[in-house]
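J.: If you scroll down you'll find the structure; I have some questions about it.
The values are calculated or read from the model by the stated rules, or taken from the named source; none is laboratory data. Given the structure is predicted, the values throughout are model-derived calculations rather than measurements. Quick reminder, even Gly has a Cβ in these numbers, built from the backbone with ideal geometry, and neighbours come from all protein chains shown. These area figures cover heavy atoms from the full protein model, side chains too; ligands, DNA and RNA do not enter into them. Shrake-Rupley method; radii C 1.70, N 1.55, O 1.52, S 1.80 Å.
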Amino acid sequence: MPSLNRYASSNSKSGYFVRANVGGSHPVTLQTTNTGERIFRDNDYSDGSTIPTKLVWSMYDVDLLYTESSLSTSTPSHSFDSLSDAVNGSNLTEGTRKELVEYFNSYVGSHQKAVSKILEDLRQTMSVDTVETYDISKPAESARSFFGSFNEASEEDIEPLIEELGDNARPSLLTFAQRAPQLEEIEITEQDTLAYHFTPLSVSGDAIVYDLTVGPDGDSGREYDYRIEYRDYKASSVYVRDGEVGKINGPEKNLSQAEAQRLAGELSPVQIDLDTISSTVDSPAISELDIPDRAFTQGDSDLLVGVVDRVSNSDNPLVEMEDGHMLLDFGEEDGIYLINRIEPTWGRVLCELSPSET
């Protein structure tokens, strides 16, 4: 099998390379790109590790590995299942996932169909990896670490942002904390509106969500809840109210109505009706918890409050239901969470909940 090796310190090259057989008498040396090296590292491969043959050649086929010499046509045939498993079935860091999204999004080779499928799966797994710990009783204080996690600004630069937030921004911060893994940055605009910079999900390009419910115009008389600034090769603005697209501004044919609604569904939260939230076994009463005003739900799925009953030997958090257990994507034992129930036996955690101060 191919092996991963590190260049010696005396070598003019640095980093890792792969030695792989191609049917001849001598193995070929494959150089690793930075992105390829991150895939190996996040999958716990290091100097001296053997790498699955199919993974090596599928990475070679999409230019994550390359060689400075020519290869004959006898190189192994490609298979992208191993690459998909390494990308979507491993503990990739969020930084690696972002880098892979950018890499695959710009791929223009002959395996576009396979890459598009891997990219689609990758974007979906980014939405359920982690939940940012967020003290909802102290949103401004929690925002300090939240800003620090997703901005390169120094603590001195972040502090003035915290002071500007005030109670007006509290509901917004509580809501968008649900999407912490997909946030690259939070900023306060000159109009005192909070803007959330998202990594791409199931759409290409960049997206910024401006929360129009925050700021001097964020009252009940506002026309829209959110403005989504979407940039692909041109910029468009999508105005959203109650989860529905109100209008689209921008170049014609840059963004269709269907694509705009898809963006709205993924990037804008919807108002929560507390009367429709159910509770699992042993959960506190809804009135005892500080629950965000809005949530990022998936389709017509249900919202419920649940307490993690136990974590299985396979690290699966389980919530006790009246008719059995439901599996969560995240959670610690005895933790209280707002859950988006996708299927009867599976739910996605939106955020951790704390007791209400009132």
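J.: Can you tell me which residue in the stretch 277-307 is least open to solvent (accessible area, probe 1.4 Å), limited to those that are under 27 Å from residue 242 (Cβ atoms) and of a type in the set (Val, Ile, Thr)?
T.: 305
J.: Of all residues in the stretch 192-204 being open to solvent by 20 Å² or more (accessible area, probe 1.4 Å) and under 24 Å from residue 169 (Cα atoms), which is modelled with the highest pLDDT?
T.: Within the stretch 192-204, the match that is modelled with the highest pLDDT is 197.
J.: Checking the conditions here, which among 207, 153 is farther than 26 Å from residue 289 by Cβ, within 23 Å of the chain's Cα centre (by Cα) and at pLDDT below 75?
T.: The match here is 153.
J.: Would you pick out the residues in the stretch 308-351 that are part of a strand (DSSP E or B) and open to solvent by 40 Å² or more (accessible area, probe 1.4 Å)?
T.: 309, 310, 311, 320, 325, 327, 341, 342, 343, 346
J.: Which of the residues belonging to the stretch 301-345 are free of Cβ contacts under 8 Å to residues at least 24 places away in the same chain and β-branched (Val, Ile, Thr)?
T.: Residues satisfying the conditions are 311, 345.
J.: Then there's this: Looking only at residues in the stretch 234-276 that are assigned to a loop (DSSP other than H, G, I, E, B) and open to solvent by less than 40 Å² (accessible area, probe 1.4 Å), which one is farthest from residue 286 (Cα to Cα)?
T.: 254
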